[in-house]
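One structure is given below, encoded as structure tokens.
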Amino acid sequence: MVVQGNMAAGGPQAKPSRERRGLSCQPAAANAGGGRTAPLAPPRRSAYYKAALLGRESLPLPTVFILNGPNLNLLGVREPAVYGRGTLADIEARCQARAQTLGLEIVFHQTNHEGQLVDWIQQARETADGIVLNAGALTHTSVAILDALSTAGLPVIEVHLSNIFRRERFRHHSYVSLAASGVICGLGAHGYELALEALANLIVNRSGEGGQ
Ligand code: DHK
């Protein structure tokens, strides 16, 4: 899934929460592991995922990591014509509100360091059910982040505030996209809310078309 558009600060109000449907939860596809001699130990998986696999009636809320990369801490003052005037705290508040209506638990982080993003993705592999990732400039450069995402075996939605395809050529290529179920760009902060909506759907069905 790729959603592109011109960045818009506002956006339609959140829809009412969807009834959680019956789960057809399958373990994520095994990683190809080309060239590896020993297979990677299976991830521990989230409480939600394990309860769903066991067919438990009452499920804990799925957890989504929302990860933000370099310079996104400066939203609001950083190139407002490109990234808007809203701050990262504003985005986090919008995500919290949307997550509540969707029945998701969110963990929201920002870092300027590649290794920290890798650590959080590895943590998500064991404790979360999906990832929303705006890796900032690391989107266009980081094989380490791609590898971490590929190993996590979780549904990933890549988000960019700006429409990267209307910008410099070097922003048109994304390593993150190679591991993402969907990409949303150009819709500003609303893109994060859409990403949560998409993830809620993918987590419940674990059968997103073109997904993992
Ligand atoms: C954020 C950044 O920091 C840039 O390096 C990316 C992305 C685009 C965004 O639009 O959110 O190229």
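The values are calculated or read from the model by the stated rules, or taken from the named source; none is laboratory data. Only a predicted model underlies this, so the values are computations on that prediction, with no experimental measurement involved. In this analysis, Cβ positions are derived from the backbone assuming ideal geometry, glycine residues included, and neighbour counts consider all displayed protein chains. Accessible surface areas use protein heavy atoms only, side chains included; no ligands, DNA or RNA. Shrake-Rupley method; radii C 1.70, N 1.55, O 1.52, S 1.80 Å.
Would you please name the trypsin sites (Lys or Arg not before Pro) within the stretch 156-195 that are DSSP coil residues with at most 15 other C-beta atoms within 10 Å of their C-beta?
Taking the stretch 156-195 and a limit of 15 other Cβ atoms within 10 Å, the loop trypsin sites (Lys or Arg not before Pro) found are R167.
Based on the mean of other Cβ atoms within 10 Å per residue, sort peptides 63-69, 80-86 so the most packed one is first.
Ranked from most to least packed, the peptides come out as 63-69, 80-86.
Beyond 28 Å, what share of the Cα-Cα pairs of the stretch 57-212 remains, rounded to the nearest whole percent?
12 percent
Sort 95-102, 156-163 by the packing proxy (mean of other Cβ within 10 Å over each peptide's residues), most packed first.
156-163, 95-102
Could you put L149, L202, L54 in order of accessible surface area, largest first, with the 1.4 Å probe and the full protein assembly present?
Final ranking, largest accessible area leading: L54, L202, L149.
Which semi-axes, in whole Å and largest first, does the equivalent ellipsoid of the stretch 136-178 have when worked out from the alpha carbon gyration tensor as the square roots of 5 times its eigenvalues?
Semi-axis lengths for the stretch 136-178 are 20, 11, 7 Å.
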